[in-house]
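Right, one structure below, let's go through it.
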Amino acid sequence: MKEIPSMTQIVGYQIAEALADLGVTTIFGVISIHNMPILDGIARQGRIRFVPSRGEAGAMNMADAYARVSGKLGVVLTSTGTAAGNAAGAQAEALTAGSRVLHITTQIDRQFMDRDRAAIHDVPKQPAMLSGLSKAVFRIWDEKGVIGTLDAAVRAASTAPTGPVSLEIPIDVQHLEAISDQKVRPPRTALPPVDEDAVNQLAELVRAAKRPMLWLGGGARNAGKEALALVERGFGAVTSTQGRAVVPETHPATLGAFNMTPQARAIYARCDLMIVVGSRLRGNETQNNQMELPAPLVQIDVEPTQAGRNYPVDLFLCSDAAQTLAALLARLPDTLATDPQLAHDIAIARAQSEGQLRSGLGPYQQIADHLLSMVPAGRHPWVRDITISNSTFGNRYVQIAAPHLGVHALGGGIGQGIAMAIGAAIAAPESRTIALIGDGGAQLGMAELITAVDEGLDITYILMNDAAYGVIENIQDAQYEGRRHFSKLKTPDFGTLCKAIDMPHSKAAASEDFAALFDATLAVNGPAMIEVDMVSIGPFATVFAGPPAGAAGGAR
Ligand SMILES: Cc1ncc(C[n+]2csc(CCOP(=O)(O)OP(=O)(O)O)c2C)c(N)n1
């Protein structure tokens, strides 16, 4: 093995230094012979916190959540082959959510690479594997291309529409002597210019509308001020799950994320304009695009290929959400001549949607109500795995204080919440992170509970333990005549598990116990778990049997 020379002489060290120069303060990953020159540099330079996850999937989820909560670049470091492959499911989620993630992975020595010569850790078609999961894939071929390629990768991940970018750095390249005069600079990313003619047309449509609505998606997260100004001038609002809290969820003129309930649909039926801002209009939030939306339908998206993809639109504006809404506001009067009843109708529809959802919770009302009073008030990051409790109350009833504080598995993959909470907690150390997880999902990601302990992170894990894949059982009951195959699992004794890893654990055997036990976790230094014993508490009042045609408002 080559001896590692002094500081900053090799490409591995240069990468570590350049990342720190770019403002990267945390990297998540797993050490390996194929990435040790970079990690040796990170450790010796001491400018970046490296969080050693227990698996690459967890590292990817951490970097993704870190990016979502901090608004900065999330960086994950894996090894080549199996290790890069381990990150794949989690990278699919980062791609779905359009997270600013840089996945630095490696490659075997260049002389063996891409040629199926059976070198250890080789996957001959690794770039093909990565390309399906990445906005773009780059490779650093030699010492001359280090800074330029790193710059391109960071630029691609950070430019709207943002998304995970993979960067391969072969191990022999990491060992090469670096060219020292190359310096990286944080990219200044360009946005397409606002189309003034299209904004004029949109302003005409708005002036003619009596009941206009905004549908705000994740792409509108930077447009909160402008969206709120439109609401204060007379618009109504509704959000996707990714767009939650772009307009404060407490505002009376927003449906929040109650976007698919019968009451919401009744509101849409009486609207005469909807502007969809930065939203994919996802299948599980629009009844697979069958839900009627108002006409005219206008779409604002920075990505031109999104135009009319899920719904035909009357007008498409290819530009940034905040800039476009600001240009629209500049053309509109301070108060629009809209129906003064619209905000009241929305407030009533929202209250009815909430009430209907709440009564469907049955014995879990107390838990949902307590979280509703705690999570937004404490500005806690609210991280959720795919579990019935999230599909019902977590995704919309429990409010969040700002868009970046909501983190959930947008693509519907279970098992990511434990690790996502770690990334969120590192991004927002000022407020304890609250994570809602199921016992089935927990079993995929539970190794990362040890990482949370190791890193001393302030996280409360709420484990909704029904000792089964509950939603799968409900689907089996609803669609497969109750044949509950493969949905009952042996579930660990989580109390014993937590004891083994030094994580405080408490169990709520009744809903009434939840509030006090949950509040006690808020004072813990480091992570803690509160387990909700759903077997002893019993079923929800309304069965949730999965999206998109499940219980009222039941998209996940
Ligand atoms: C990665 C992945 N594998 C499988 C599934 C299918 N699936 C959806 S929900 C679910 C069960 C989740 O069980 P649990 O975490 O206990 O939550 P519960 O449904 O009991 O509330 C499964 C297996 C999925 N969504 N994602």
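The values are calculated or read from the model by the stated rules, or taken from the named source; none is laboratory data. Model, not experiment: these values are computed from the prediction. FYI the Cβ positions are ideal-geometry reconstructions off the backbone, even for glycines, and counts take in every protein chain you see.
For this structure, a couple of remarks:
- Top-ranked residue of region 136-162 - restricted to ones that are among the charged types (D, E, K, R) and not in a helix (DSSP H, G or I), ranked as nearest to Cys318 (Cα to Cα): Arg139
- From the list Ser319, Ser373, Ser353, the lone residue that is without any contact (Cβ under 8 Å) to a residue 12 or more places away in the chain and either more than 30 Å from Ser487 (Cβ to Cβ) or touching a Gly at 6+ places or on another chain (Cβ under 7 Å) (or both) is Ser373.
- Elements of type helices (runs of 4 or more DSSP H) contained in region 486-538, each with 1 or more residues being modelled with pLDDT of 95 or more and farther than 14 Å from Ala467 by Cβ: 494-500, 511-522
- Failed item, numbered, when Thr491 is tested on (1) within 11 Å of the ligand (Cβ to nearest atom); (2) closer than 19 Å to Phe544 by Cα: (2)
- Taken over region 411-438, the criterion of being surrounded by fewer than 23 Cβ atoms within 10 Å (Cβ to Cβ) and within 16 Å of the ligand (Cβ to nearest atom) is satisfied by Gly411, Gly412, Gly413, Ile414.
- The lone criterion from (1) in contact (Cβ under 8 Å) with a residue 12 or more places away in the chain; (2) in a helix (DSSP H, G or I) left unmet by Ala43 is number (1).
- Filter result for Gly55 (within 15 Å of the ligand (Cβ to nearest atom), more than 11 Å from the chain's Cα centre (by Cα) and surrounded by fewer than 24 Cβ atoms within 10 Å (Cβ to Cβ)): yes
- Residue in region 22-36 that is modelled with pLDDT of 95 or more, of a type in the set (Phe, Trp, Tyr) and either surrounded by fewer than 19 Cβ atoms within 10 Å (Cβ to Cβ) or under 19 Å from Asp109 (Cα atoms) (or both) present: no
- In region 268-313, the residues that are free of Cβ contacts under 8 Å to residues at least 24 places away in the same chain and either of a type in the set (Lys, Arg) or part of a loop (DSSP other than H, G, I, E, B) (or both): Asn289, Gln290, Ala295, Ala307, Gly308, Pro312
- For the criterion of being over 26 Å from Ala468 (Cβ atoms), away from the ligand (no atom under 16 Å from the Cβ) and assigned to a loop (DSSP other than H, G, I, E, B), His380 passes.
- Restricting Leu444, Leu449 to residues that are within 15 Å of the ligand (Cβ to nearest atom), part of a helix (DSSP H, G or I) and farther than 24 Å from Gly378 by Cα narrows the list to Leu444.
- Here region 462-488 is the region considered, the condition is being within 13 Å of the ligand (Cβ to nearest atom) and aromatic (Phe, Trp, Tyr), and the residue that is farthest from Phe544 (Cα to Cα) is Phe486.
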